[in-house]
Structures are given as structure tokens and as C-alpha cells.
Amino acid sequence: MKDIFQKIFPLLAVVVFLLFLGQVWKDYNRPYLKYQKEFKKLLVEKAGNDQKRIDFQFGARQRWIEALDRADRCETCHLGVDDPRFKDAPQPYRTHPDADRHSFEKFGCTVCHSGQGLATPLQDAHGPTANWYKAIFHEDFMENSCSLCHGEFIHTQAPVFARGRQTFNVDGCRGCHVIKGEERIRVGKPLDDMAERVKPDWLYRWIRDPKAFQPRTTMPNFRFSEQQAADAAAFLLQGPKAAAFEPKGSVQRGKTLFLDSRCISCHSVEGKGGDLAPELSRIASKLYPERISLIIKNPHKLWARSQMPIFGFSDNEIQDLVTFISGEYIDLGLGEKVAAHEIQLVRKADKDQGRKLVEKYGCTGCHTQIKGAKDRGEIGPELTSIGSIHIAHLDFGDITVPLQNRTVPNWLYNKMLNPRLFKPGLKMPDFTFSDSDAGAVTTYLLSLKTEKTVPAAYSLPLGEPPSPYAPQGRFGKILDRYRCLVCHMIDRKGGDMAPNLSQEGSRVKKKWLEHFMKAPDTIRPILPERMPLFKILDPEDEALYAYFKTTLVDDRVENLAGSVEKMPLNDPEVIRLGRKLYYEKYACNACHQINLKGGLIGPDLTKVGERLTPDWIVYYLHNPKAFVVRSVEPVYKLTAQEIEGLAAFLINPKEGK
Amino acid sequence: MAGYWRRLAPAVGVVCVFLVLGGSNGQGAQTVPKFQLPQKPKSALTPVEQKGRTLYGYYCALCHGKTGKGDGFNSYNLTKPPRNFTDRARMAALSDSRIKKTILDGGAALGMSPDMPAWGGVLTDKEASDLTAYIRTLAKQDGGKK
């Protein structure tokens, strides 16, 4: 026994020595050395003749961000992140595109990008691995981290996140999913009078595939079978039926009125027109004529959230419009036999089954006033902290996904694209999101984290919370009746399709405004959307002008009044100087038209003196972007004399060039 | 026995082919949803060039055209047609600093048409650099297509 041991002892010693050598080699030959060697080569190339300045040491790099309790070793391989010379270099060496705003000393890497900061091998650092589920975020979802410091209202700097948040709210996700701190919004219409409103065959087709009828609708597809769709339709169609109603107006007058009222500023007809309101080309195959007339008369009475203004048409005008719409906008592709078959399906269907479907699938998450169906509240899982959920809590079902793709973002992304992917029979309907919408909603969901606390020094809210602007009294009623804030904005509240009215009183002359309200015309020759013609009542007029001239003003303009009055704006010499500046020095005519000559980008300036107050023109010329942020106008540092000349030229009548 | 199988082989082969084809056809008819990974953004542009593209679409494309051919909708209202950025020979003759100067100081400052405004009051120096980087790619893109 002893002999054998003596014999193999040298061998064992060699083995131990080799193992020792192996360990030393392993310790020395780190996987990152490959990248560091390559980086050094690039560095030598970039340095060119100035070889002395190359100061590169091999070895791991670590940034310790004490305030965030993080240690990131990412820069061990990502060596060029803070070196602008590497802006076109291949990864992992490329310059960080945002290094000037987010310093590495303060933030490190993983607080935004996620991943495993302490690891240096490729797969361990980027994740996920068996014991580290937080993988680095895909570019598409990166913006979820912005809200950590910048809050949930960040908009321009994180467009994908903002779009995801918007989609989440507009598509009514909050109707079925709780997010603590966010109010439940039920985005659908009340459904109490369906039998009086819609045709049964339409409802059946609508439930089966809403986007086939209305491509922009937010109503999801529940993937119901024929029988299920018929059952649900039969249940919803209970109650009094529509009364017989034969519109007896004039088609021609109706058509003229339809065009004059600029309905297609918001609605589209065969895809042409605005995108704020439903497509109309097949609307008469959906709604009974009587309902069309009720909607035109007062949409707010039927649905408080409706964005359609009350136009103030007379009863005869409404008759004409309904005659035109119900005769013209029918579904020509719909066969009579098919429709009759669908009506039969609905008639024979089981209403009680329909009620069960409506309750089970959460129709009440969006729709109110469904007679006979209970609102069970938010039936989906709570999403308050979905962004920090552990992957083990997410069920992949029978789908086999390799470990490196099993991440929370990937799961959410697939859930958005295909809600019933992981298990057949799930209740969540299909919103038929595009890839980019699914990515945006995923980005928003990932931002919903429990550990949302960063130290106070890191918090920098960007963007603005919703504006509380809600005028009371007469002006408030006018805004409400004509839904002005669907297109216009006042004090940060409203849409951005039409000009911002917050300073309109300082901007335009009262006489022009009076004329415009009676016959609204576009100021910019090429814009497709146009202000509809409302039948505004005279007393409303007065309230409107009073509010405009007293409240929708800007003191920066109002305070100029005294000094503008003293300017020699009618002096022919000054006008001549302005004319020269307009055409020669600044070539304003490249974008603006006067007497039908010039560019089409800015507003027509032929009669600008009748529209804008001189104070506004002077103020605006100082800095066009100061108020109209979206303006595509260059900002010149004009001298006082130049402003005087340009203002004088603009407000006076102009002859052709 | 072996001979028997050999004679049968073609028939067996045909049956197999039918089975395989039939099976795959059946699966192809139903679209089985699959687990998808987010697509990497396909842009061939660097982040700097992408920033430049956004600015270009907002401020420049109205006259210079979306693809940089100098055919934007407002180009027809100008006294002199705007620069065609896809003209490789002419673009090669321009230095980056000159392009940037034109953006910031306007056409008139360099003896060209005053129809090109000076954007120095709107764009920062860095934004003008980003724009220049993007404008450079327009000639390349067009060359790539040919």
C-alpha cells in the first residue's frame, strides 16, 4: 500500500501543480480581456500620431454609486461610453448617446438599463441567468426607466413611454386592471338603449370583429364564436325597439350642409378626413335614422364623454342631414342574405348565455348601464407593481421559451400582442396592437414598480400634470357645448389640432374674431383641418369676446401697448424699410404668402393687419418661439428698428410685389 | 422478403411525402400564435443621425424634401430651388463646418439665397451638428438604392 502511494506521489504532485496553474490561468484570462485587447487596438488607431497619450490599463472597472446602492462593472467591456471619439465604433465600445445629460458618476448604468451590474461575463451581465432574472432592457422598452426620476408625466423626452401610458388609458385597460393611485376610467358608451340604437346584424358583426367596421376603434376583439357573439348581441338588444322613422329631408341640402359643416374635420369618409371621430362611410348600416338625428341634435345627452360639439342645427336641417347620411353611407359590401342570416342568429340566441358572457368577459370594464348585467369591478389582475414582478410569478403555460428569452418584458410584450397566448380560454380580449403599440404599453407597464424610490437628489419631474383648467359660468358652458377643447388648447388643457387660445385675446382684433366666428376660414392655405361652422348664439358671442379680451391675454403683450402706440408705424419710410427686410434681408416670403405670392408654410400675411394686433406683431417678432413653441419659424435677433419696420410693413395694406 | 420491401419502397415513399405535406398544410392553415421577441430597431442610422433626422423632418423637409432631393412641397415657391442633398458630387465638395454654418447663419451669410433662414436662434450648436450628420447620410442612402 505504502509502495503504491510512494509511486503515485510524484504524479499527484504534478496533477496538483497543473490544477494550480490552471487556476492561475483562469484567474488571469478573464473573458473581458478579449474586449479590452480589441479596445486597445481601436484606441491606438484613433490616437493616430499622438501615441504617447494612450494610457490604457487592463483590468476590471467598477463604478460604485453609493446613493443608489449599486456597483456597476459594465465599463469593463463598454470602454468607450464616455469617449466621444467612439461614436461610430461597434458595440461594446460605442459612445453613450446621452452621456452629457446623465453622468456615469451619478447614475452608473444598471439603474436605467437593468442587468447584473457586478457580473462581467457577457451572459451573466446582460442576463437573464438561472439566478438573476433581471435582464438588460431591450431598446424598445428602455424608456420605462425614465419615469423613475422624471415622473409619470414625462412626455417629449420619453415619447414611447408617453404613448404607452396614453394607449393604456385611452384603450380602457384601467377599466379591468387596478393601478393604485389612478382613477378607474370606463371608456365605452352606455349600452342601455342598444335596441333603439343599432341594427342587430351590425351588433353581431361588431362583436365578432370591431376593427373590421371601425379601424380606429379601441373596442377589443373577444374572439367570440358565432354562437357566443349572437348570444351577447341578443342579451344587449333587450328593451324597447327603435320606432319607425322615415327621414323626409332633401338629400341635396343634406349633402351641402354636411360639407359646409366640415364634418370631415373630425370624421373620416372612406379613410379621408380627420381621425378624431368615427369613420362614417358605413354608418347607416349600424345606426337607425332616428338615432342619427338624436346624435346630431345633442350628442352629450346620449353620452356625456362624447367629443362631438352641439352644432345648433334646426330640426329641418337635421332632417336633411339624416336623409343624406342614411341614404348615402350604407355598407354596399353587405349582402342581404348574410344580414338576414345574422339577424336570425341573434333572434334564436340564448340571452341568458349572453348575460353570462357579458359579465364573465368584463364588458362592464368599459361600458356603463348594461341592463341586467352586474359590474364586477376590475376583474383583471392588479398592475400597481407589475414592473417589479418576479419572472417566476408569470405563467408561460405550454409555450417553451429558452431561458435567455424568459424575461418580464418579453412576457408582457407577448401578452400585449396576443393576450391568450399562454393559455387558451383566458378572458383578456385582443386589442390587436401593432408591434410598436405593444412595445409602448409594455414600456409603460414596466415603469409600474414598487421600489420606485430614488433618493430625493435624483428626482427631477419633467412634463406637466394634467391642467386643472375648467372655466365656470357662461364661458365654461360655451366651451362645453362646442367642445372647443377637443381641438384647441387653453392653459395646457385640450387638443393640439388647432391653435392654442391661451393668449388669443392679446393676439387678434375683436373685429376679426367676430368675422371669423361667423365664417371661419383657414389662416394657413394648406392645412386640411378646418374649424366647423357653429350656429353660435348672439348672447354667447358677447360672453365669448368678453372672456377673450379680458382673460385670454398675456401681460407681456398687453404691457407693450404704450410703447407700440408711439412707434411710427404709418411712416412711409419705415414701411419701405420693412418691405425691404421682408423680401430681401429675411426673405419672409420663402414661407409666407402676400397677394398669393410666396411660400405655403406660414400663415397668409396679406391682411394680417386686420387679424393681429400691432402689439402682438411686435411682441411676436422679438421671439416667435417664446409663445408658439411648435412654430417652425426661425428666431432672429432683430433690432428695435427692424421690428418697427417689419411691423409697419405688415399692418399696412400691401400692393403686389 | 427483402425484395418485397424493395418493390414497395416507391409506394411507401409517396405515402410518406403525402403525410408530411398533408401534416404541414394542416398546421399552416391555422395560424398558431408564437412567442415573439421585440424587433431590434431596424434603423441603419447612429443615435446622433437619428436625432438629426427628427430635426430634419421638422425644420428642413418642408423645402428640402423628405429624402433630401430638394423637392419639398414648399420648394416650388422659392426663388431658387433648395439644395439637393442627394447630389453626391456637390455634397462631397461641402465641408461639415460649411453645412453647419449654413444651418446656423442662413444662406445670405454665405452669399447664397436668403430663402434659407438662419436657424441659429432655434437650434443649438449640438443640434446643428446632429443635423449635419444626418444630411450627410442622405447622399449615401440614395447611392445605396442605385
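Does A:K637 satisfy being at pLDDT below 90, in a helix (DSSP H, G or I) and within 9 Å of chain B (Cβ to nearest Cβ)? Spelling it out, it is not the case that A:K637 is at pLDDT below 90, in a helix (DSSP H, G or I) and within 9 Å of chain B (Cβ to nearest Cβ).
Sort through A:A60, A:A13, A:A67 and tell me the only one that's part of a loop (DSSP other than H, G, I, E, B) and aliphatic (A, V, I, L, M). Before you say what the answer is, go through the steps one by one.
Numbers: A:A13 fails: part of a loop (DSSP other than H, G, I, E, B); A:A67 fails: part of a loop (DSSP other than H, G, I, E, B).
Exactly one residue qualifies, and that residue is A:A60.
Residues in region B:42-66 that are of a type in the set (S, T, N, Q) and modelled with pLDDT of 90 or more: B:T54 only. Checking each residue in region A:255-296 for being under 24 Å from A:F213 (Cα atoms) and small (G, A, S) picks out A:S265, A:S268, A:G271, A:G273, A:G274, A:A277, A:S281, A:A284, A:S285, A:S293.
Would it be correct to say that A:D320 is more than 32 Å from the chain's Cα centre (by Cα), within 14 Å of another protein chain (Cβ to nearest Cβ) and either under 30 Å from A:A135 (Cα atoms) or not in a loop (DSSP other than H, G, I, E, B) (or both)?
The answer is no for A:D320.
What's the number of the condition B:A89 fails, among (1) part of a helix (DSSP H, G or I); (2) more than 22 Å from B:P47 (Cα to Cα); (3) in contact with a Phe, Trp or Tyr (Cβ under 8 Å, 6 or more places away or on another chain)? In the conditions (1) part of a helix (DSSP H, G or I); (2) more than 22 Å from B:P47 (Cα to Cα); (3) in contact with a Phe, Trp or Tyr (Cβ under 8 Å, 6 or more places away or on another chain), B:A89 misses (3) alone.
Of all the criteria given as (1) at negative phi; (2) of a type outside the set (G, A, S); (3) touching a helix residue (DSSP H, G or I) at 6+ places or on another chain (Cβ under 8 Å), the one not satisfied by A:P466 is (3). Only residues that are at the interface with chain B (Cβ under 10 Å from one of its Cβ atoms) and surrounded by fewer than 17 Cβ atoms within 10 Å (Cβ to Cβ) were counted across region A:586-620, and they come to 1.
A quick yes/no check of all residues on (1) in a helix (DSSP H, G or I); (2) away from chain B (no Cβ under 14 Å); (3) free of Cβ contacts under 8 Å to residues at least 40 places away in the same chain; (4) under 20 Å from B:Q39 (Cβ atoms):
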site: A:T120; (1), (2), (3), (4): no, yes, no, no
site: A:Q123; (1), (2), (3), (4): yes, yes, no, no
site: A:N144; (1), (2), (3), (4): yes, no, no, yes
site: A:C149; (1), (2), (3), (4): yes, yes, no, no
site: A:F153; (1), (2), (3), (4): no, yes, no, no
site: A:Q157; (1), (2), (3), (4): no, no, no, no
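Taking helices (runs of 4 or more DSSP H) as the structural unit, those lying wholly within region A:325-437 and holding at least 3 residues that are in contact (Cβ under 8 Å) with a residue 12 or more places away in the chain and either more than 13 Å from chain B (Cβ to nearest Cβ) or among the acidic types (D, E) (or both) correspond to A:336-348, A:351-360.
Can you find even one residue in region A:297-308 that is assigned to a loop (DSSP other than H, G, I, E, B), touching a strand residue (DSSP E or B) at 6+ places or on another chain (Cβ under 7 Å), surrounded by 20 or more Cβ atoms within 10 Å (Cβ to Cβ) and not β-branched (V, I, T)?
Start the filter on region A:297-308 by keeping residues that are assigned to a loop (DSSP other than H, G, I, E, B), which leaves A:298, A:303-308.
With touching a strand residue (DSSP E or B) at 6+ places or on another chain (Cβ under 7 Å) added as a condition, the list becomes none.
No, because not a single residue in region A:297-308 is assigned to a loop (DSSP other than H, G, I, E, B), touching a strand residue (DSSP E or B) at 6+ places or on another chain (Cβ under 7 Å), surrounded by 20 or more Cβ atoms within 10 Å (Cβ to Cβ) and not β-branched (V, I, T).
Residues that are closer than 17 Å to A:Y361 by Cβ, at least 3 per element: which helices (runs of 4 or more DSSP H) completely within region A:180-230 meet that?
Details: elements: A:194-197, A:200-208, A:210-213.
Where helices (runs of 4 or more DSSP H) fall fully within region A:180-230 and carry at least 3 residues being closer than 17 Å to A:Y361 by Cβ, they are A:200-208.
Among the conditions (1) over 24 Å from A:G598 (Cβ atoms); (2) surrounded by 17 or more Cβ atoms within 10 Å (Cβ to Cβ); (3) more than 12 Å from chain A (Cβ to nearest Cβ), the only one that B:F85 does not satisfy is (1).
Residue check: is A:I264 farther than 23 Å from A:D496 by Cβ and not charged (D, E, K, R)? Spell out the reasoning first.
Details: farther than 23 Å from A:D496 by Cβ: no; not charged (D, E, K, R): yes.
It is false that A:I264 is farther than 23 Å from A:D496 by Cβ and not charged (D, E, K, R).
The residue that is nearest to the chain's Cα centre (by Cα), among those in region B:56-79 that are facing chain A (nearest Cβ under 10 Å) and not in a helix (DSSP H, G or I), is B:G72. Restricting attention to region B:42-52, the residues that are more than 10 Å from chain A (Cβ to nearest Cβ) and crowded, with 20+ Cβ neighbours inside 10 Å total 1. Of the residues in region A:598-611, not one is at positive phi and out of contact with any His (no Cβ under 8 Å at 6 or more places or on another chain).
The residue that is nearest to A:N405 (Cα to Cα), among those in region B:22-41 that are modelled with pLDDT under 75 and hydrophobic (A, V, I, L, M, F, W, C), is B:V32.
Filtering region A:471-501 to residues that are assigned to a loop (DSSP other than H, G, I, E, B) and in contact with a Pro (Cβ under 7 Å, 6 or more places away or on another chain) leaves A:R483, A:H488. Residues in region A:349-362: is at least one surrounded by fewer than 20 Cβ atoms within 10 Å (Cβ to Cβ), touching a Lys or Arg at 6+ places or on another chain (Cβ under 9 Å) and either in the same structural domain as A:W132 (by TED's automatic domain parsing) or of a type in the set (V, I, T) (or both)? No: zero hits.
The residue that is surrounded by the fewest Cβ atoms within 10 Å (Cβ to Cβ), counting only those in region B:121-145 that are within 14 Å of another protein chain (Cβ to nearest Cβ) and polar (S, T, N, Q), is B:T124. Just so you know, in region B:99-120 the residues that are over 28 Å from the mean Cα position of the chain (by Cα), in a loop (DSSP other than H, G, I, E, B) and surrounded by 16 or more Cβ atoms within 10 Å (Cβ to Cβ) include one that is nearest to the other protein chains (Cβ to nearest Cβ), and it is B:P114.
Taking region A:217-246, which residues are farther than 20 Å from A:P419 by Cβ, in contact (Cβ under 8 Å) with a residue 12 or more places away in the chain and surrounded by fewer than 19 Cβ atoms within 10 Å (Cβ to Cβ)? Outline the logic, then answer.
In the first step, residues of region A:217-246 are kept if they are farther than 20 Å from A:P419 by Cβ; the result is A:226-227, A:230-231, A:233-246.
Those still in the list that are in contact (Cβ under 8 Å) with a residue 12 or more places away in the chain too: A:226-227, A:230-231, A:233-243, A:245-246.
Matches in region A:217-246: A:E226, A:Q227, A:Q238, A:G239, A:P240, A:K241, A:A242, A:A243, A:F245, A:E246.
Determine whether region A:517-527 contains at least one residue that is of a type outside the set (D, E), buried (at least 16 other Cβ atoms within 10 Å of the Cβ), within 20 Å of the chain's Cα centre (by Cα) and not in a loop (DSSP other than H, G, I, E, B). No, there is no match, as no residue in region A:517-527 is of a type outside the set (D, E), buried (at least 16 other Cβ atoms within 10 Å of the Cβ), within 20 Å of the chain's Cα centre (by Cα) and not in a loop (DSSP other than H, G, I, E, B). Just so you know, in region A:640-657 the residues that are farther than 12 Å from A:G609 by Cα and part of a loop (DSSP other than H, G, I, E, B) include one that is farthest from the other protein chains (Cβ to nearest Cβ), and it is A:E655. Condition test on A:R576, is it more than 44 Å from the chain's Cα centre (by Cα) and either surrounded by 14 or more Cβ atoms within 10 Å (Cβ to Cβ) or in the same structural domain as A:E644 (by TED's automatic domain parsing) (or both)? Considered against the rule, which asks whether it is more than 44 Å from the chain's Cα centre (by Cα) and either surrounded by 14 or more Cβ atoms within 10 Å (Cβ to Cβ) or in the same structural domain as A:E644 (by TED's automatic domain parsing) (or both), A:R576 comes out as yes. In the set (1) surrounded by 19 or more Cβ atoms within 10 Å (Cβ to Cβ); (2) closer than 25 Å to B:L78 by Cβ, A:V628 fails one condition alone, (1).
Kindly indicate whether any position in region A:258-266 is of a type outside the set (S, T, N, Q) and in a loop (DSSP other than H, G, I, E, B). Steps first, please.
Initially, region A:258-266 is screened for residues of a type outside the set (S, T, N, Q), giving A:258-260, A:262-264, A:266.
If we keep only those that are in a loop (DSSP other than H, G, I, E, B) too, we end up with A:262, A:266.
Checked against the condition, which is being of a type outside the set (S, T, N, Q) and in a loop (DSSP other than H, G, I, E, B), region A:258-266 yields at least one hit.
The values are calculated or read from the model by the stated rules, or taken from the named source; none is laboratory data. This one's a predicted model, so the numbers in the text were calculated from it and none came from an experiment. Positions of Cβ are backbone-derived with ideal geometry, glycine not excepted, and every protein chain shown enters the neighbour counts.
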